[in-house]
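Following: one structure in structure tokens, then a few remarks.
Values quoted throughout were computed directly from the atomic coordinates according to the rules given, and no laboratory measurement underlies them. Keep in mind that what you see is a predicted model, and the values were worked out from it rather than measured. Virtual Cβ from ideal backbone geometry, glycine too; neighbours counted across all protein chains shown.
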Amino acid sequence: MLVGDLMDRDLTSLGEDATLMEAIEVLSRHRIPGLPIVDAEGRVVGFLSEKDIVRAALPGYIDLLEDPSYVPDMGQFKVRMKRASMDSVGRHMTKEVVCLSTNDSDFHAALIMIKKNLKRAPVVKEGILVGVVNRADIIEHLMSE
Amino acid sequence: MDKTIVTVTMNPAVDIQYVVPDFRPGRWFRASEVDRSAGGKGINVSIILQQLGYESAAMGFLAGFSGEYIRDTLRRLKLTTNFVNVIGESRTDVYIVDEVGHIETGVAEAGPYISDEALHRFMKNFDRILSRARLVYLGGSLPPGVPQDAYKDLILRCKEAKVPVFVDAFGPALTAALEGVPRVVKFDHRFLFSTLGYPMGDLDDVLELVSKIHDSGVEWSVTTYRAVGNIFYTPEGIYLVDIEREEKEQMVSLLAIGDALMAGLMVALLENMDVEKAIRFAQACSLEDTLHVKKGIRGRDMVESLMPKILVEKLD
């Protein structure tokens, strides 16, 4: 089966100029772990995950530390999160996005998602967002065969 | 990339149809049949367009459990969606179909409140998808919080992008939409008479009203005439459209018949059918939808087989 046949044709996305606050609201209301960031024509230019948002509220050196006990307490985290919430999505999104094509096979999609440890990947046609594939979509598809 | 049809449903609903033979108010009944579906005019149009072989993207607002049901239903139908989720609960509309008395009773909810932020997000999504739209359909009521001139605003955006617009609305939302001059408008003339303060009149009054809309620049207008017939005001004249009597006797449900008509008219105009064929095709879509409880049509071939049953009279 092709990705175009199994994808969720949902275009929920935000522009680069949206704030992190807006992104948090969209992720929460739509109950999704991440969303594609698109330009004015719907071309995928990035991807913002929950992890990217959390990272925005953590000190810059946190990536260098392996022990999470160095993470500041929740109070400090909250202050930093509030400060970051008015930042643009474009500042914190992942710019090197792994996109699938509607013509990719289900096997290719599964391999990419496992290899890159992705929960959700945008699907594009000629660069334009046309849907998303979730891990659950692939598992549901495999189980229904 | 191919351009798509965009349908806007600002106030989607879960439509529940209960078939209750000999329904009367004030009694307790057990439904003999139940049909639950994702609804709201634009969503209905998207579903029927798919049944006619056309892809579309459905937009609007969703909220709560009903919103999740609608989104999940559309996902399973493999329809493209771009809804803004908001706090609250999307509507549930209940229809009681009485097969014995041939009467349909309906109860509709108001829908969730739409904040300025949510409306702003919707407009951004709309502008984005407009760059690859071939046609836009706006239909149904506006939920609380959405300004009454929202359709006019959307029509003007479409005009700037040179995308034709179909509108099916009523009340102040319709009168505001008419100021934007869409390409096609469908309305129930009783609503328009009440909105504009005209006295409810005979066919001549309806024609005068429709002529005024046409003179403002609207190319096509469709208004209800009698129970299931329509008046089509087209670039080539005015047509009175009705259905053969024996087909009328087969009708089961009137739910979404206007949406089937609009979906049919969109397909007809996209396929450049001549005016009379376009009318027959659109009205046949509507007729096919009435012949069963389940909302929508059973296929394009079924629609085409009903086209000879449509009575079309061109008025002088």
Report summary line: Placing +1 on each Lys and Arg Cβ and -1 on each Asp and Glu Cβ in chain B, then taking the dipole about the Cα centre, the residue among B:Leu52, B:Gly26, B:His120 whose Cα reaches farthest towards the positive end is B:His120
Report task. Rounded to the nearest 10 degrees, what's the angle between the helix A:20-30 long axis and the longest principal axis of chain A, both from Cα atoms, 0 to 90? Result -> 50 degrees
**Report entry** On Cα atoms only, tilt of A:135-144 relative to the major axis of chain A in degrees
**Finding:** 30 degrees
Requested in this report: Could you work out, residue by residue across B:302-313, how many beta carbons of other chains sit within 10 Å of that residue's beta carbon, and then give the average as an integer?
Outcome: 0
Query raised in the report: Per 5 Å bin, what percent of the C-alpha pairs of the range B:103-186 does each bin hold, from zero upward?
Result: 3, 14, 24, 22, 20, 10, 4, 2, 1
Requested in this report: Give the residue from A:Ala109, B:Pro143, A:Thr94 lying farthest towards the positive end of the charge dipole for the protein assembly as shown; charges sit on Cβ (+1 for Lys and Arg, -1 for Asp and Glu) and the dipole is referred to the Cα centre.
Outcome: A:Thr94
Report summary line: Percent antiparallel among DSSP beta bridges confined to chain B, nearest 5, equals 45 percent
Report summary line: A correct fewest-to-most ranking of B:Val100, B:Val184, B:Val222 by other Cβ atoms within 10 Å would be B:Val100, B:Val184, B:Val222
Report task. Using a Gaussian network model of chain B whose springs link C-alpha atoms within less than 10 Å, name the residue from B:His292, B:His214, B:His120 with the highest mean-square fluctuation. Result -> B:His120
Requested in this report: Taking a cut-off of 19 Å between Cα atoms, list the lysines near B:Lys309, but don't count ones fewer than 8 places away on the same chain.
Outcome: B:Lys248, B:Lys277
Query raised in the report: If you place +1 on the Cβ of every Lys and Arg, -1 on the Cβ of every Asp and Glu, and leave all else neutral, what size is the dipole of the protein assembly as shown about its Cα centre, to the nearest 20 Debye?
Result: 1260 debye
Report task. Report the equivalent ellipsoid semi-axes for the range B:71-138 in whole Å, largest first, defined as the square roots of five times the eigenvalues of the gyration tensor built from alpha carbon atoms. Result -> 31, 18, 12
**Report entry** Taking B:Val218, A:Val98, B:Val107 and counting other C-beta atoms within 10 Å, the order from fewest to most
**Finding:** B:Val107, A:Val98, B:Val218
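Could you tell me the calculated FRET efficiency between B:Ser305 and A:Ala110, based on Cβ-Cβ distance and R0 = 41 angstrom, to the nearest 0.05? Mind showing how you got there, number by number?
On the way: r = 44 Å, r/R0 = 1.07.
It comes to 0.40.
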Query raised in the report: Which far-off residues, 5 or more places away or on another chain, put their amide H under 5 Å from the one on B:Ile238, with H placed in the peptide plane?
Result: B:Leu315
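Given the DSSP H assignment, sum -39500 (n - 2.57) over each helix run of at least 4 residues in the protein assembly as shown and divide by its residue total; what's the result at 222 nm in deg cm²/dmol, nearest 500? Present the calculation step by step, with values, prior to reporting the outcome.
On the way: 18 runs with 179 residues, N = 461.
Result for the protein assembly as shown, helices only: -11500 deg cm²/dmol.
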Report task. Taking every Cα atom in chain A, find the radius of gyration and the maximum pairwise distance Dmax, and write them in Å. Result -> 16.4, 49
Query raised in the report: Which ³J(HN,Hα) values, rounded to whole Hz and listed in residue order, are derived for the range B:14-20 from phi using the Karplus coefficients 6.51, -1.76 and 1.60 in 6.51 cos²θ - 1.76 cosθ + 1.60 with θ = phi - 60°, glycine and proline given as x?
Result: 8, 8, 10, 10, 9, 8, 10
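According to the Cα gyration tensor, what semi-axes, each the square root of 5 times an eigenvalue, does the equivalent ellipsoid of chain B have, listed from largest to smallest in whole Å?
So the equivalent ellipsoid measures 26, 25, 20 Å along its semi-axes.
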Query raised in the report: When the dipole is taken about the Cα centre of chain B, and only Lys, Arg (+1) and Asp, Glu (-1) are charged at their Cβ, what size is it in debye, to the nearest 20?
Result: 1100 debye
Query raised in the report: What are the radius of gyration and Dmax of the protein assembly as shown, computed over its Cα atoms and given in Å?
Result: 24.3, 85
Report task. Calculate the mean, over all residues of peptide A:10-16, of how many other protein chain Cβ atoms lie within 10 angstrom of the residue's Cβ. Result -> 5
Report task. Excluding residues fewer than 8 places away in the same chain, name every one of the lysines whose C-alpha is closer than 25 Å to that of A:Lys115. Result -> A:Lys51, A:Lys95, A:Lys125
Report summary line: If one builds a Gaussian network model of chain B from Cα atoms under 10 Å apart, the most fluctuating residue listed among B:Thr223, B:Thr175, B:Thr73 is B:Thr73
Report summary line: Listed residues A:Asn103, A:Asn134, A:Asn117; largest mean-square fluctuation, Gaussian network over chain A with Cα springs below 10 Å, found at A:Asn117
Query - Between the range B:17-54 and the range B:127-166, the alpha-carbon center distance in angstrom - result: 27 Å
Query - Fewest-first sequence of B:Tyr137, B:Tyr95, B:Tyr54 by Cβ atoms within 10 Å of each Cβ - result: B:Tyr54, B:Tyr95, B:Tyr137
Requested in this report: Consider all pairwise Cα distances in the range B:1-103 and report the whole-number % of them above 23 Å.
Outcome: 36 percent
Query raised in the report: Taking the Cβ-Cβ separation of B:Arg298 and A:Val54 as r and a Förster radius of 56 Å, what is the calculated FRET efficiency to the nearest 0.05?
Result: 0.65
